[in-house]
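Novice: Below you'll find the structure I mean.
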Amino acid sequence: MKLDSSIAAVVTGGASGLGLACVERLRQAGVKVAIFDLNAEKGEALAKELGATFVKVDVANEESVAQGFAKARAAQGQERILINCAGVGPAIKTASRDKQTGAVKHHPLDVFERTLSINLIGTFRCVAHSAAGMMTLEPLADGDRGAMIMTASVAAKDGQIGQAAYAASKGGVVGMTLPIARDLSSEGIRVNTILPGIFHTPLLASLPQNVQDSLGASVPFPKRLGQPAEYASLALEMITNGYFNGEHVRLDGAIRMAPR
């Protein structure tokens, strides 16, 4: 797929971190981009700055997603690109003891369900809606009707202590990559997933510098945090390389996460 002003894209979680880096790269290529995010203040400002369209969307809500795609398509046409970056990452043990009282408690199930609702079901919801729209398009010269990127995590492979909900949600994203790619292959829609390692996102940027340095030093090479632009680079390669399909790829500097 050649990226230019004839192509429209939707990026979920596009107002910060990995999603924002993708929005910036797509806009540099001339692609029309709709930013889906819950942060309306930041999203509107970024859309104005980058020449994009902002739509407030909660990927965990069916009506919100349906309305979001309708608004994006009314503004810029049917998307040929979908990049899913919206997600949450709680850290809670399956069961634990209170350090002061010794009382035992289990993982709040509403948090577990919410994590899957956003990271896994929310991703699939956006993919399903986007795929139905892409199927109405005529194929491009290379046969592509569209290309999708899903975001998992290295936690899908080696989740740490406290990451049961997060790892389950991201493992689900990895697990559905090939079936979705096979479902959509006859329609010329490609689907791939990126498993980022430790990246310099707003969450990590809020940590003390010595903590950030320690996390970066744990990466075999290069010994630093990943940069969102590096995620965006791989996402665009997956989109423009027509033979990239049905794959899940780690982007992590060769790190394998320890238990904690």
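Novice: For the Cα atoms of the chain, what angle does the longest principal axis make with the long axis of helix 62-76, in degrees from 0 to 90, nearest 10?
Specialist: Helix 62-76 and the main axis of the chain meet at about 40 degrees.
Novice: How about residue 223: which lysines have a C-alpha closer than 29 Å to its C-alpha, ignoring those fewer than 8 places off in the same chain?
Specialist: 93, 157, 170
Novice: Any chance you could tell me what percent of the C-alpha pair distances in the stretch 8-251 go past 31 Å?
Specialist: Within the stretch 8-251, distances greater than 31 Å cover 22 percent of Cα pairs.
Novice: Can you say what percent of the DSSP beta bridges in the chain, counting only those with both residues inside, are antiparallel? Round to 5.
Specialist: So the antiparallel bridges amount to about 10 percent of the total.
Novice: Given H placed on each backbone N at 1.01 Å, which residues far from residue 147 in sequence or on other chains put an amide H within less than 5 Å of it?
Specialist: Close amide H contacts, sequence-distant or interchain: 81, 82, 190.
Novice: Just want the ordering: 166, 243, from fewest to most Cβ atoms lying within 10 Å of their own Cβ.
Specialist: Sorted ascending by nearby Cβ count, the order is 243, 166.
Novice: Roughly how tilted is helix 122-134, in degrees to the nearest 10 and between 0 and 90, from the longest Cα axis of the chain?
Specialist: In the chain, helix 122-134 runs at an angle near 10 degrees to the longest axis.
Novice: While we're here: Can you spot the lysines whose alpha carbon is less than 26 Å from residue 32's alpha carbon? Ignore those fewer than 8 places along the same chain.
Specialist: Answer for residue 32, where 26 Å is the Cα cut-off: 2, 42, 48, 56, 71, listed by chain and number.
Novice: Take 36, 199, 69 and order them by how many other Cβ atoms sit within 10 Å, fewest up front.
Specialist: Ordered by Cβ neighbours within 10 Å, fewest first: 199, 69, 36.
Novice: Take every Cα-Cα pair in the stretch 44-124 and report what % of them are more than 23 Å apart.
Specialist: Distances greater than 23 Å cover 42 percent of the Cα pairs.
Novice: Cross-link candidates for residue 99: which aspartates and glutamates have Cα within less than 14 Å, leaving aside residues fewer than 8 places away along the same chain?
Specialist: In chain and number order, there are no partners.
Only the coordinates and a few stated rules stand behind these numbers; no lab work does. Everything numeric here is computed off the predicted structure, so don't read it as measured data. Cβ atoms come from the backbone with ideal geometry, glycine included; neighbour counts cover every protein chain shown.
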